[in-house]
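Single-structure report; data block below.
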Amino acid sequence: MTDSLEAEPAAAALLFGARLDVARTFTENLAAQGEERGLIGPLELPRLWSRHILNCAIVAPLLRPGVVGDIGSGAGLPGLVLAIARPDVSFVLIEPMERRIAWLSEQVDELGLSNVHVVRARAEDVKLEAPLDQVTARAVSAFRKLLPLTAPLLRDGGELVLMKGAGAQAEVDAAAKEIRRFRVHDVTVEVLGDGVLDEVTRVIRATVR
């Protein structure tokens, strides 16, 4: 199953450093089981590293020590990838689907990720012990639809770090009403990985207060 897995790009060592072996194991597990378990599509193996793993890992330096929630974790992109890259940060992976929860829990155990807690819930229903310091999400929904799911989970001064495509700025422009409603400030679109990755990663960053 892993015969067509993309060769590991040189940037992987740069982004994961001493955690590269853990990232390799996760990538191999996702390549071997991802399609049959409905986690990734059949065309993703030849670009699994570049389009998915490194696309997530480039966001790791934006995270701060504290508790980060990942909404709709799915295959673990970006939650598990970021937890591998940043063992100094605690992660709560929030995912409603049972089969995906099973996958996430298995990977947390196999990879020895003591900084990860997996929660089965929809973002709008989840009950957390305390507000989050930061929230991430990737390929979940448009920014204006994400704000009601993510902003209420943050502490005062907490930050959204949402991975987006080329239309990120257009999504921000379309969310003016929700930005006001959920007290979202300092909204910026950052482009990460230029000169490091084959495809850059766009992130919407904003503070809730």
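Taking H as built 1.01 Å from N, whose amide H comes closer than 5 Å to the amide H of F91, not counting residues under 5 places away?
Under 5 Å from the amide H of F91 lie the amide H atoms of V68, V116, H117, each far enough along the sequence or on another chain.
Find the Cα radius of gyration of the chain, compare it with 2.2 N^0.38 Å by division, and give the number to two decimals.
0.97
Using only Cα atoms, what is the ratio of the radius of gyration of the stretch 142-209 to 2.2 N^0.38 Å?
Values: Rg = 12.2 Å, N = 68, 2.2 N^0.38 = 10.9 Å.
That ratio works out to 1.11.
Based on the alpha-carbon gyration tensor of the stretch 18-120 and its eigenvalue square roots a ≥ b ≥ c, which shape applies: rounded if a/c is under 1.5, prolate if not and a/b is larger than b/c, or oblate? Intermediate results must be reported in sequence, preceding the final value.
Details: a/c = 1.62, a/b = 1.21, b/c = 1.34.
Taking the square roots of the gyration eigenvalues as a ≥ b ≥ c, the stretch 18-120 is oblate.
With an 8 Å Cα cut-off and a minimum separation of 6 or more residues, compute the relative contact order for the chain in percent.
Working: 375 pairs, mean separation 37.2, N = 209.
Relative contact order, the chain: 18 percent.
Heavy-atom accessible area per residue, the stretch 14-143, 1.4 Å probe: how many Å²?
Numbers: 5370 Å² over 130 residues.
Solvent-accessible surface per residue comes out at 41 Å².
Just to be sure I understand: with springs between alpha-carbon atoms less than 10 Å apart, which residue in D133, D70, D109 has the highest mean-square fluctuation in the Gaussian network model of the chain?
D109
Have a look at A60, A31, A18 and tell me which one the Gaussian network model of the chain (Cα, springs below 10 Å) gives the largest fluctuation.
With Cα springs under 10 Å in the chain, the top fluctuation among A60, A31, A18 is at A18.
Taking all protein chains as present, what is the carbon and sulfur share of the accessible area of the stretch 1-149, in % to the nearest whole number, probe 1.4 Å?
50
Given the -39500 (n - 2.57) contribution per DSSP H run of 4+ residues, what per-residue ellipticity at 222 nm results for the chain, rounded to the nearest 500 deg cm²/dmol?
Dividing the helical sum by the residues of the chain leaves -8500 deg cm²/dmol.
Kindly provide the GluC sites (Glu not before Pro) of the stretch 1-91 that DSSP labels as loop, not H, G, I, E or B, and whose Cβ sees at most 10 other Cβ atoms within 10 Å. Present the calculation step by step, with values, prior to reporting the outcome.
On the way: sites: E6, E28, E35, E36, E44; in loops: E6, E35, E36, E44.
Those that pass, being in a loop and sparsely packed, are E36.
Taking springs between alpha-carbon atoms closer than 10 angstrom, which of N55, N29, N115 fluctuates most in the Gaussian network model of the chain?
N29
Mind giving me the nanometre distance, one decimal, between the label points for V191 and E98, set 7 Å out from Cα along Cα→Cβ?
The answer from the label model is 4.5 nm.
In whole Å, what is the distance between the alpha-carbon centres of the stretch 94-121 and the stretch 1-57?
18
The values are calculated or read from the model by the stated rules, or taken from the named source; none is laboratory data. Please read all numbers here as calculations on a predicted model, not as lab measurements. Glycine gets a Cβ as well: all are built from the backbone with ideal geometry, and neighbour counts include every protein chain shown. Heads up: the accessible areas ignore ligands, DNA and RNA and are worked out on the full protein's heavy atoms, side chains in. Shrake-Rupley method; radii C 1.70, N 1.55, O 1.52, S 1.80 Å.
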